[in-house]
Amino acid sequence: MQGERVLPAGLVQGRTMAKKIGVLFGGENSFPGALVEEINAQVSARGIDGLRAEFVATGAVLHDRAPRYAVIVDRISHAVPFYRAFLKQAVLHGTVVINNPFWASADDKFFNYALARKLGVAVPATVLLPHKQTPAGVTDRSMRNLEYPLDWEAVFAAVGEHGFLKPIDGGGGRDVQEVHGREEFFRAYDQSRELCMVYQKAVDYTEYFRCYVVGQKKVRILPYDPHRPHAERYLQSPPLAGKMLLKRVRKDAISLCRALGYEFNSVEFAIERGVPYAIDFMNPVPDADPRTLGQASFDWAVKEVADLAIARAKSASRGQEPRGDAFLGRGSARGNAAKKKAKAVAIRLKQE
Ligand SMILES: Nc1ncnc2c1ncn2[C@@H]1O[C@H](COP(=O)(O)OP(=O)(O)O)[C@@H](O)[C@H]1O
Ligand SMILES: [Mg+2]
C-alpha cells in the first residue's frame, strides 16, 4: 500500500465505478431509510446512470485509502469522534460531506451570534462568560488572564435581568436555563459546571419559527411552540406573520446558512414586535422525525436533501487541496470550485 497513489472517490484504477451517496446515522429510524429510498427513486426516474445511495459501512480506516462515497449525508458525527475523523479524511479524498465536518467542529453559538450581527440579522444581546469551574486538568494558575472579579454590572447592563444561559456548543435544549433576575441567574450559572456558557437577553416573542434550510436555497418555515411537549411543538398550521416578515425570515435564514456554510440546517427565530431575532442556527443535524415534524415537512426535507445529495454527487470532484484552511468551505470540495469561479470573475472584470 505504501506509496500507492490515492484515487479519488468513485475512481478505481482508471475505471469509473458507480458513484455512491452514503448516509451515516445514529439512533434515528425514519430519515436515513427514507433518504436512501428517495435518492434511488429519483436516480432511476431521472435516468441518471452510475449513481446510487446506501447506508455507509465502515470498519477501521486506513489513512491513505480513499472512501467509497462521492457524497455522505452525516447525521451523527457530532456525537461520535470516530465518525468525525472518518469524515474529515473522506473530505480530503474528495467526498462531499453534508454538513462539512470541519466547519461543524469549528463552530460555536457565540461566534454564530456575532456573525449574525455582522450580517445584519437581528440577534438578542449576548455575552460570553468564563467557565464557572475551570475545565478538567486546568488550575486557577492557568486562568491568570481572566479579570477577577468579573464585571457583572456590565453583563447585566448589556443583557438585562431576564435571559437565557446556554452552552456555546449545546443542542436539544440541554443545559439551557431561562432566568428571571440575578438570584436565578447565579443559581443557574453556579450549576453550569465546566461548560462554556453565553448569557442572552430573553426575546418576548409572539411567534416562533423553526426554518429548515437545504442547499442554502430552499427554506420551509415551520411555526413552532417551544413550550409544548416535544411531540407537539411543530404546529401544523401556516405562520401568522405577514408576507414582508416571512420574506425577511427566509432571507435571514439563507444568509446565515451561506455565511456558516451549512447545507442542511434548522434556523430558529423568535418574533418580537415584528423583528425576527435569530436564536439557534447551529443545527447541522436538524430534527427529521415525521412524528414531530409532521409528514408533509418530513417528506419535503427528504426530497430536498435527496435533490441536494444527487446534485453534489454529480458535480463531485477530485479531492481537496491539502491545506488546512481549504477545508472549511462548504462540503468541502465546492470550496475550491467557488474559489476558482471567483478568480475567473475577477480576471474577467480586470479585462473589461
Ligand atoms: N434569547 C432567547 N429568547 C427566548 N427564548 C429563548 C432564547 N434562547 C433560547 N430560548 C428558548 O430555549 C430553547 C433552547 O435554546 P436554543 O438556543 O435553541 O438551544 P439548543 O441548541 O439546545 O436547542 C429555544 O428553542 C427557545 O425556546
Ligand atoms: Mg434550539
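Bear in mind these aren't lab numbers, they're just calculated from the coordinates by the rules spelled out. These numbers come from a predicted model, not from an experiment. Positions of Cβ are generated from backbone atoms using ideal geometry, with glycine treated the same way; all protein chains shown enter the neighbour counts.
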* **Given charges at beta-carbon only (K, R positive; D, E negative), |dipole| of the chain in Debye** => 1900
* **For region 277-312 versus region 30-60, the gap between their alpha-carbon centres in whole angstrom** => 17
* Near Phe185, within a Cβ-to-Cβ distance under 11 Å, what is the net charge of the other residues, with Lys and Arg +1 and Asp and Glu -1? -> -3
* Asked: By how many degrees, between 0 and 90 and to the nearest 10, does the Cα long axis of helix 295-314 differ from the longest principal axis of the chain?
  -> 50
* Asked: So how far apart, in nm, are the two label points at Ala18 and Asn145 if each is 7 Å from Cα heading toward Cβ?
  -> 5.3
* **Packing-based exposure ordering (other Cβ within 10 Å, fewest first) of His93, His230** => His230, His93
* Structure fact -> Helix-only [θ] at 222 nm, the chain, -39500 (n - 2.57) per DSSP H run of 4+, per residue, nearest 500, equals -11000 deg cm²/dmol
* Asked: For the Cα atoms of the chain, what angle does the longest principal axis make with the long axis of helix 243-260, in degrees from 0 to 90, nearest 10?
  -> 70
* Asked: Antiparallel as a % of all DSSP beta bridges within the chain, to the nearest 5?
  -> 75
* Sum of side-chain charges, Ala241 neighbourhood, beta-carbon under 15 Å (Lys, Arg +1; Asp, Glu -1) -> +3
* Amide H partners (placed H, <5 Å) of Leu51, local residues excluded -> Lys19
* Structure fact -> Helix 109-119: inclination vs the chain longest Cα principal axis, degrees, rounded to 10, gives 90
* How many nm separate the modelled label positions at Glu161 and Glu272, each set 7 Å beyond the Cα in the direction of the Cβ? -> 1.6
* Structure fact -> Cβ-Cβ cut-off under 13 Å around Glu28, Lys and Arg +1, Asp and Glu -1: the net charge is -1
* Asked: Say the cut-off is 22 Å between C-alpha atoms; which of Lys20/Lys314; Lys88/Lys166; Lys166/Lys303 go over it?
  -> Lys88/Lys166; Lys166/Lys303
* Asked: How large is ³J(HN,Hα), in whole Hz, for each residue of region 49-64 in order, when computed from phi with the Karplus curve 6.51 cos²θ - 1.76 cosθ + 1.60 and θ = phi - 60°, using x for Gly and Pro?
  -> 7, x, 9, 8, 10, 7, 6, 5, 10, 8, x, 5, 10, 7, 4, 10
